[in-house]
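Here's the structure, in structure tokens; my notes come after.
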Amino acid sequence: MGGADTAAGGRLVVDLAAICENYGLIAKRVSPARVAAVVKANAYGLGADRVAPALARAGCRDFFVAHLAEALAIQPLLPEDCTLYVLNGLMPGAEWLCARTGIIPVLNSIEQATRWLETARSAGHALPAVLQFDSGMSRLGVCQEEARQLASDPLFLAHVPLALVMSHLACADTPGHSANAAQFEAFDALAALFPSVPRSLLNSAGTFLSSGSRGDVARAGIALYGGAPNDAPVNPMQPVVRLDAQVIQVRTVAAGDHVGYGHSFKAERDSRIATIAVGYADGWPRVLGNRGAAWFNGVRLPIAGRVSMDSITLDVSALPEGTLGLGDWVELIGPNQTIDQVAADAGTISYEILTNLGARYERSYLDARRSIRSEAA
Ligand SMILES: *Cc1c(COP(=O)(O)O)cnc(C)c1O
């Protein structure tokens, strides 16, 4: 490794080839439906400016973000035949920017639909949109009455051609949950009001459900980034992220010594403690104090004491003395510790681990010729 990696305390590697492989895997699952990539929140923290163009090269043409600003940021990086959709909807004041840039708002209410219709009428041409139904999550989208109202409004249908009708599953990561069948049924009934419009219901977990219709467009996020789409024992997705932290000190402590803030760790025996240069300011969950671990040479190194802002202390006594020293790197995310394991230890979900990944890491991207797996070997 070159010199640049010694300037940051953490090294984050994002495998773009693995993201594209995951895209292909989901595409095969939902075929003949197509897969839209959800690249909101900076592609779940991994860098939308690199991830979205890589997916476009792999054939993806539809990209969902949460905010209009996120769409504006990546639009110049994508081929012109790509379409960007804003999940959070059409905010007051954003109409002309949205119309001018050709970014497609998801209309989540009658109020948004009305404003988009007015914009199209003043523009003098049709303005496409996505219409979202609330099929049982009670978060965003029009209800059945409102959907009926729009479906029977010739002015709306003429000026606002619908690129998609969509809804979102609340419980798809629990395949046996009764809400799934209810949402499929509710969505089918609502979508039938707009017979010729393509349908989009499935998120990553949804593409792994055995029942329910696939629709025309699946919206995949976490599965592209290597997260387990549900709690099945085997995660079929390729790992995408590798995170290593640098050792900044190794010291010995005597039995009875305490480690870190609040003295929350007490050495039961003489121990070796390594301090690494990643902390909660880098998005490593503070709740992992005395719970999480790092890895070195296949050995688990438990976190000893609290997670500090810029550092973490590890009990490295399980390693032979002298194995680990100043400047060495330990694994925080990689073959020994997946994002799902980190999330489970932290009592959260892989989405939160990824979207919190810090700004101080030295980030690098692997393309089709190099992959995390070949690097690890
Ligand atoms: C975030 C989001 C997705 C992607 O969900 P994953 O579980 O990451 O696949 C799809 N649709 C909507 C509406 C979302 O908000």
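Checking the structure you have, find out if any residue of the range 284-296 is part of a loop (DSSP other than H, G, I, E, B), within 16 Å of the ligand (Cβ to nearest atom) and within 21 Å of ALA359 (Cβ to Cβ).
No, because not a single residue in the range 284-296 is part of a loop (DSSP other than H, G, I, E, B), within 16 Å of the ligand (Cβ to nearest atom) and within 21 Å of ALA359 (Cβ to Cβ).
The residues on offer are LEU193, LEU157, LEU127, and the sole one that is under 20 Å from PHE64 (Cα atoms) and modelled with pLDDT of 95 or more is LEU127.
Residues in the range 333-356 that are buried (at least 18 other Cβ atoms within 10 Å of the Cβ), small (Gly, Ala, Ser) and farther than 21 Å from ALA41 by Cα: GLY334 alone. Within the option set ARG139, ARG34, ARG50, ARG115, being in contact (Cβ under 8 Å) with a residue 24 or more places away in the chain and more than 24 Å from the chain's Cα centre (by Cα) holds for one residue only, ARG115.
Cβ-Cβ distances below 7 Å connect the following pairs, each with a first residue in the range 201-228 that is at positive phi, a second residue that is part of a loop (DSSP other than H, G, I, E, B) and near the ligand (Cβ under 10 Å from one of its atoms), and a separation of six or more residues or different chains: GLY215/LEU201; GLY215/LEU202.
Tell me which residues, restricted to the range 290-300, are within 14 Å of ILE273 (Cβ to Cβ) and buried (at least 19 other Cβ atoms within 10 Å of the Cβ). Those that are within 14 Å of ILE273 (Cβ to Cβ) and buried (at least 19 other Cβ atoms within 10 Å of the Cβ): ALA293, ALA294, PHE296.
Taking the criterion of being surrounded by 21 or more Cβ atoms within 10 Å (Cβ to Cβ), more than 16 Å from the ligand (Cβ to nearest atom) and either closer than 14 Å to VAL165 by Cα or not assigned by TED's automatic domain parsing to the domain that holds ALA179 (or both), the only residue of the range 91-138 that qualifies is ALA113. For the range 187-206, residues that are over 17 Å from SER135 (Cα atoms) and surrounded by 22 or more Cβ atoms within 10 Å (Cβ to Cβ) total 1. Restricting the range 196-213 to residues that are of a type in the set (S, T, N, Q) and within 26 Å of LEU150 (Cα to Cα), which is modelled with the lowest pLDDT? That would be SER213. How many residues, within the range 54-90, are over 18 Å from the mean Cα position of the chain (by Cα), within 16 Å of the ligand (Cβ to nearest atom) and surrounded by fewer than 21 Cβ atoms within 10 Å (Cβ to Cβ)? Number satisfying all stated conditions: 1. Flag set for ASP216, criterion: more than 16 Å from GLY89 (Cα to Cα), buried (at least 16 other Cβ atoms within 10 Å of the Cβ) and acidic (Asp, Glu). Of all residues in the range 218-235, those satisfying the criterion of being touching a helix residue (DSSP H, G or I) at 6+ places or on another chain (Cβ under 8 Å) and either in the same structural domain as SER350 (by TED's automatic domain parsing) or within 13 Å of the ligand (Cβ to nearest atom) (or both) are ALA218, ALA220, GLY221, ILE222, ALA223, LEU224, TYR225, GLY226, GLY227, ALA228, PRO229, ASN230.
The set of residues in the range 166-217 that are touching a Phe, Trp or Tyr at 6+ places or on another chain (Cβ under 8 Å), within 11 Å of the ligand (Cβ to nearest atom) and either closer than 14 Å to ALA33 by Cβ or not in a loop (DSSP other than H, G, I, E, B) (or both) comprises MET166, LEU201.
For (1) among the aliphatic types (A, V, I, L, M); (2) in contact with a Cys (Cβ under 9 Å, 6 or more places away or on another chain), each residue gets a yes or a no:
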| site | (1), (2) |
| --- | --- |
| LEU12 | yes, no |
| ALA37 | yes, yes |
| ALA41 | yes, no |
| ALA58 | yes, yes |
| PRO79 | no, no |
| ILE110 | yes, no |
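Scanning the range 271-284 for residues that are touching a residue at least 40 places away in the same chain (Cβ under 8 Å) and either surrounded by fewer than 19 Cβ atoms within 10 Å (Cβ to Cβ) or touching a Ser or Thr at 6+ places or on another chain (Cβ under 9 Å) (or both) yields a total of 9.
The values are calculated or read from the model by the stated rules, or taken from the named source; none is laboratory data. Nothing here was measured: the structure is a model prediction, and the numbers come from that model. No Cβ is skipped: glycine too gets one built from the backbone with ideal geometry, and neighbour counts run over all protein chains shown.
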